[in-house]
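In what follows, a single structure is set out as structure tokens and then discussed.
Computed from the coordinates by the stated procedures, all read-outs in this text should not be read as laboratory data. Because the structure is a prediction, the values reported are computed rather than measured. Glycine gets a Cβ as well: all are built from the backbone with ideal geometry, and neighbour counts include every protein chain shown.
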Amino acid sequence: MIKFLTTNPLAKAIGNVAAKLSGFSMKGDPGGLILRLSVGALAIALGLLFYENWSVYKEWKGEPKFGLEPDVVGGDAESLKAVPEAIPVLGQGIGAALAALAFILSFFVRKKEGRERVRGALIVLVLWIAAFGSLCAWLPSDVIATKAAISGKALAGENPLVGAYVGKLLLVGFLILSVPILSMYYYRLSLMDQYVVRTFLNPFALCLFGFVSIWIIAHLTDNGHYLATMSMGEVAKLYLSQIPFVIQFMMPIIMLLAGLSALSNLSRSNELISMVGSGRSVLRILTPVLFLGFYISVICLAFKYEWAPNAAGYEDAVIAKAKKAHRERQNPNVKRTNDLWAQLGWMHVNEVNNRTWFVGKVPFKLSEPMADVVVWEMDEDGGLRKVWKAERAKWSWDTSPQEWTLSEVTVFHYEDERFPRLESHESLVITDWGETPWKVLSSSQDPEYLGFAGLTMYLQAHDDKDEVSLAPFRTNFWYIFAEPIGCFVMLLVSAPLGIVYSRRGVMAGVTAAIIIFAGMYIMRGTLVAMGQSARISPVWGAWGTNLIIAILGVILLWFRARNREMPKLRNLFRRRSTA
């Protein structure tokens with residue numbers, strides 16, 4: 001075998017190429033390795049997405065692309081983009097090709113003396129190609145789905161607002177394009193600013209990886225015996241969906257620790273004093289870090305806008321399903337389903353049409369069929385006219401008129417003698433009901449699991465409710481913007497506390513930061529709870545903590561910018577007692 005590898009020309013050529021590629025990747029260039037791994041993972045993901053949707057498109061070419069049954073397409077109809085059209089599939093193919101091109105170009109990124117400018121230009125080029133590939137793969141399908149939903153073709157019959165969807169498109173577009181834009185900004189910075197940014201990013205990346213890993217390990221420890229009933233693909237999908245939620249939830253403490261570590265390292269090595277001696281103010285030195293902190297807050301806003309709340313609800317539904325499967329594992333006669341239920345038992349009263357709905361199992365996605373449904377229809381005198389009791393109820397948006405399909409249904413007809421006449425149907429189609437899944441189930445939604453679009457639609461559809469009922473939704477509406485900005489606020493506090501000039505000062509800054517962080521979480525939980533219970537204004541409940549901590553951070557930064565000692569509580573009490 002060894003002789004073959006050393007004498008065969010093809011084997012020698014492959015070995016030389018592999019050696020060169022590995023040398024480019026590993027030898028003294030960890031940044032290049034990270035770039036190649038990231039772009040390579042993107043190329044693989046987009047390639048798999050294109051292959052899957054291209055296979056579906058070839059099978060359904062020439063057929064209607066919307067309104068297909070979930071089991072026909074081989075997945076759940078979670079959105080209109082679940083069944084690809086020609087343009088989205090073409091965009092995904094172009095995106096996969098661009099990502100593959102970016103991956104090939106990333107191997108030309110080498111770290112050599114005197115070629116820093118060329119290396120930086122190549123990194124920016126690779127990131128721009130990868131960003132455009134991501135846009136091509138995501139934008140067409142999302143725009144088509146958004147346009148269809150706004151034109152009244154939403155799967156659950158909701159009435160989306162144009163502004164909410166435009167905001168989502170802008171945030172995700174900014175999230176994708178900001179990566180190459182920031183890389184261009186980084187290479188235009190001075191060497192001193194680049195050094196400050198790298199000093200911050202090193203502990204930031206370590207904390208981010210560490211906290212996400214700790215959360216996954218803790219979650220597996222708590223729920224591993226339940227997740228054992230699921231396939232590896234389902235478990236991987238669960239944890240991939242949780243990444244936006246975990247990052248957004250952990251980001252305040254990550255920003256706090258990264259800011260403390262970076263600034264304390266600069267202080268202890270006397271590099272901060274040297275920077276100040278070169279003529280730069282403390283605020284000017286911190287400008288790149290503060291700008292980066294604001295950018296990270298915008299990323300968290302993109303996560304909080306929709307992905308993080310949906311991920312939290314999805315995690316609860318998946319764990320509930322896994323627990324149920326775990327309990328039924330020993331009973332092979334129990335009928336099992338792959339449905340995710342968000343809630344058990346919900347009542348909806350339609351006073352206009354004199355109908356009352358009871359939904360035994362509320363689906364996680366409102367576009368999916370309901371289970372254990374009972375519908376009462378009353379006459380004008382308040383007496384029972386008809387009752388439908390169905391195992392499943394599914395609404396079809398793409399029919400004219402729109403219809404409900406009841407499965408395994410029993411109909412009770414209450415006539416003049418008041419004794420019901422029973423009818424049983426395996427499947428029954430009803431076309432004269434005006435309710436949609438959104439009208440029936442929207443009020444059952446948990447505000448913690450709704451993004452900006454869902455909260456906006458809910459508040460618009462239920463504006464006739466009392467203030468106490470709407471307070472949780474209004475508070476969470478403002479909290480969508482307030483929680484991400486809290487990440488920047490924590491950096492605003494940790495930066496001045498990390499600037500110290502002695503070992504004792506480091507410990508004092510860390511202690512103060514921990515106290516402020518604990519106080520922030522206690523204050524945030526208290527104010528949000530008060531806002532959700534309508535004891536204070538929803539705006540103050542969501543933003544009050546950020547405002548108080550931000551004022552404290554500005555005061556601390558003012559003291560550091562003027563090279564003055566931080567105020568100490570004992571000195572304040574001493575002055576007050578002396579007076």
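Couple of notes before you dig in:
- Here the label points at F107 and F419, each 7 Å from Cα along the C-beta direction, are separated by 8.4 nm in the simple model.
- Neighbour counting of Cβ atoms within 10 Å sorts the residues L459, L292, fewest neighbours leading, into L459, L292.
- Across the range 354-434, C-alpha contacts under 8 Å between residues 6 or more apart give a mean separation that, scaled by the residue count, equals a relative contact order of 21 percent.
- Of the residues C300, C207, the one with the fewest other Cβ atoms within 10 Å heads the list, and the complete ranking is C207, C300.
- Using the alpha-carbon positions of the range 354-434, Rg (one decimal) and Dmax (whole number) come out as 13.1, 41 Å.
- Other residues whose C-beta falls under 11 angstrom from the C-beta of D316 contribute a net charge of -1, scoring Lys and Arg +1 and Asp and Glu -1.
- The range 172-186 versus the range 232-304: alpha-carbon centroid distance in Å: 16
- Pairs from K439/K465; K304/K324; K365/K386 whose Cα-Cα separation, in the structure shown, is over 18 Å: K304/K324; K365/K386
- Using R0 = 51 Å, the C-beta based FRET efficiency linking L33 and A461 works out to 0.50.
- Cα principal axis extents for the range 185-328, largest first, Å: 70, 28, 21
- When D464, D379, D372 are arranged by Cβ crowding within 10 Å, least crowded first, meaning fewest neighbours, the order is D464, D379, D372.
- Against the rule of thumb 2.2 N^0.38 Å, how large the Cα Rg of the range 257-415 comes out: 1.90
- Of the peptides 261-268, 239-246, the order by per-residue mean of other Cβ atoms within 10 Å, starting with the highest, comes out as 261-268, 239-246.
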